[in-house]
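Below you'll find the structure, written out as C-alpha cells, and then a few comments.
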Amino acid sequence: MAERLRILHYPEPVLLSVARPLAEDGFDPGLREFVENMFLTMEDAGGVGLAAPQVGDSRRIFVMDIPEGDDTPATRATFVNPTILHVEGEQNGDEGCLSFPGIFQPVRREMRVVARAFDVAGKEFEVDVTGLAARCILHENDHLDGIVFLDRMSALKRDLSKRKIKRLQKRGEW
Ligand code: NI
C-alpha cells in the first residue's frame with residue numbers, strides 16, 4: 001500500500017537546494033515504492049505535479065498527472081534524471097505549487113517542451129508536449145534545481161506572495 005508523504009512548504013532548505021541524480025543502480029523496488037507514494041501524495045493534495053524535494057528527498061525525480069485538456073492529451077509519467085532538450089514559444093497563466101498552499105500567480109513559461117528522462121524501470125523516454133504539460137514539466141524540473149515558482153514571478157507578484165506567506169506564517173496557517 002502506498003503511503004502519503006508530508007509535503008514541505010517554502011522555505012524549507014531542501015526546496016532551495018540542487019537535487020542529485022539518481023544513481024544507475026537506484027532503479028530498484030525502493031524507487032518504485034517511493035514513486036507510488038509520490039503519486040498518492042500528489043493526487044491526495046489535488047496537484048498535477050510533485051517533485052521529490054517537496055517531500056524532503058533531494059533526488060532528481062518528479063511525477064506528473066495531467067488530465068486531458070484543450071491543449072494537451074492526458075499525460076501521466078514519472079521523470080527520473082530528466083533533461084530539457086528543447087523549449088519554444090511562450091504561455092502566460094496562473095500557476096500554483098503544493099509547497100505554496102493558497103498562492104496562485106501568473107508565471108510566464110515556454111509553450112512547448114521536449115524532454116528526456118528515465119521511467120521507474122530505468123527505461124529512457126522522450127516527451128514532446130505543449131500547454132499545461134509543458135508548464136508542469138518546467139515547474140517540476142525547476143524544483144530539482146532548487147528553483148521555486150516564486151523565482152519566476154514578476155517582482156511585484158513575488159513581493160505580494162512573500163507578504164501573504166508571512167501573514168499566513170504568523171497565523172500559524174503555513
Ligand atoms: Ni511546485
Search result, residues across segment 141-161 that are out of contact with any Pro (no Cβ under 8 Å at 6 or more places or on another chain) and within 16 Å of the ligand (Cβ to nearest atom): Asp142, Asp145, Ile147, Val148, Phe149, Leu150, Asp151, Arg152, Arg158, Ser161
All but one of (1) within 17 Å of the chain's Cα centre (by Cα); (2) more than 18 Å from Met42 (Cα to Cα) hold for Ala155, so report the exception by its number. (1)
Do we find that Thr83 is under 17 Å from the mean Cα position of the chain (by Cα), over 21 Å from Thr41 (Cα atoms) and of a type in the set (S, T, N, Q) in this structure? yes
What residue, of Arg60, Arg76, Arg20, is of a type in the set (D, E, K, R), farther than 27 Å from Leu168 by Cβ and within 15 Å of the ligand (Cβ to nearest atom)? Arg60
For Glu126, state whether it is surrounded by fewer than 13 Cβ atoms within 10 Å (Cβ to Cβ), charged (D, E, K, R), more than 16 Å from the ligand (Cβ to nearest atom) and in contact (Cβ under 8 Å) with a residue 24 or more places away in the chain. yes
What pairs come up if the first residue lies in segment 130-153 and is touching a residue at least 12 places away in the same chain (Cβ under 8 Å) and under 13 Å from Val87 (Cα atoms), the second is away from the ligand (no atom under 11 Å from the Cβ) and hydroxyl-bearing (Ser, Thr, Tyr), and their beta carbons are under 6 Å apart, counting only those six or more places apart or on different chains? Gly131/Thr72; Ala133/Thr72; Ala133/Thr75
Cβ-Cβ under 7 Å, sequence separation 6+ or interchain: first residue in segment 93-110 and over 20 Å from Val55 (Cα atoms), partner more than 8 Å from the ligand (Cβ to nearest atom) and among the hydroxyl-bearing types (Ser, Thr, Tyr). Which pairs? Gln105/Ser161
Enumeration of residues in segment 145-174 that are assigned to a helix (DSSP H, G or I) and among the aromatic types (Phe, Trp, Tyr): Phe149
Exactly one of Gly96, Gly131, Gly69, Gly89 is of a type in the set (Gly, Ala, Ser) and within 13 Å of the ligand (Cβ to nearest atom), and that one is Gly96
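Read the figures in this text as sums done on the coordinates, not as results from a lab. Remember, it's a predicted structure, so these values are computed and weren't measured experimentally. Positions of Cβ are backbone-derived with ideal geometry, glycine not excepted, and every protein chain shown enters the neighbour counts.
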